[in-house]
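Okay, structure first, notes after.
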Amino acid sequence: MSQQPTTADAGGDACSVVEAIEQVGSPWRLVILHDLQEGEKRFNELKRSTDANSRTLSRVLDDLQETGFVERRLEEDAPVASYYSLTAKGRSLCPVFDEIESWADDWLAEDTVEASTSD
């Protein structure tokens, strides 16, 4: 049975890439980080905009806080609300998302896929 490669298995320059992907690479983490680029959002706003269920969203936000990508602000006035925003570390991913979107526009567009498969 094959095992998933770990950071220790990656050699040289790839090691830092693998480590970064391990921190931000889950689909839910990416969706939430991308969504928070628009600015601070309440828990329920994130829930609606990402279509995540409450349990998943809560778990992923906790993970992102632990790894320093997201910070939580508690508004204690009635009604009590939790607000989430990107930290400096999280905001530093914005240009990465821009590059991925640019790459996707170039390579994942329907016409590009058809053109590359006809070669």
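The values are calculated or read from the model by the stated rules, or taken from the named source; none is laboratory data. On a predicted model such as this, the values are computed, not experimentally measured, just so you know. Here Cβ is always computed from backbone atoms with ideal geometry, including for glycine, and neighbour counts include all displayed protein chains.
Taking interchain pairs and intrachain pairs at least six residues apart, which have beta carbon atoms under 7 angstrom, with the first residue in segment 62-83 and closer than 12 Å to E40 by Cα and surrounded by 14 or more Cβ atoms within 10 Å (Cβ to Cβ) and the second aromatic (F, W, Y) and at pLDDT 95 or above?
Close Cβ pairs (under 7 Å, with a partner that is aromatic (F, W, Y) and at pLDDT 95 or above) amount to V70/Y84; S82/F43.
I'm told E71 meets every condition in (1) under 11 Å from the mean Cα position of the chain (by Cα); (2) not in a helix (DSSP H, G or I) except one. Can you identify the failing condition by its number?
Among (1) under 11 Å from the mean Cα position of the chain (by Cα); (2) not in a helix (DSSP H, G or I), the lone unmet condition for E71 is (1).
Could you figure out which of (1) more than 25 Å from E101 (Cβ to Cβ); (2) assigned to a helix (DSSP H, G or I) isn't true of P79?
If we test P79 against (1) more than 25 Å from E101 (Cβ to Cβ); (2) assigned to a helix (DSSP H, G or I), just (2) comes out false.
Here's a check for you: in segment 25-51, which residue that is within 13 Å of the chain's Cα centre (by Cα) and in a loop (DSSP other than H, G, I, E, B) is farthest from D98 (Cα to Cα)?
S26
Give me the residue from segment 10-39 that is of a type in the set (D, E) and either surrounded by 12 or more Cβ atoms within 10 Å (Cβ to Cβ) or touching a helix residue (DSSP H, G or I) at 6+ places or on another chain (Cβ under 8 Å) (or both) and, out of that set, modelled with the highest pLDDT.
D35
Looking at segment 40-61 only, could you name the residues that are surrounded by fewer than 12 Cβ atoms within 10 Å (Cβ to Cβ) and in contact with a strand residue (DSSP E or B) (Cβ under 7 Å, 6 or more places away or on another chain)?
none
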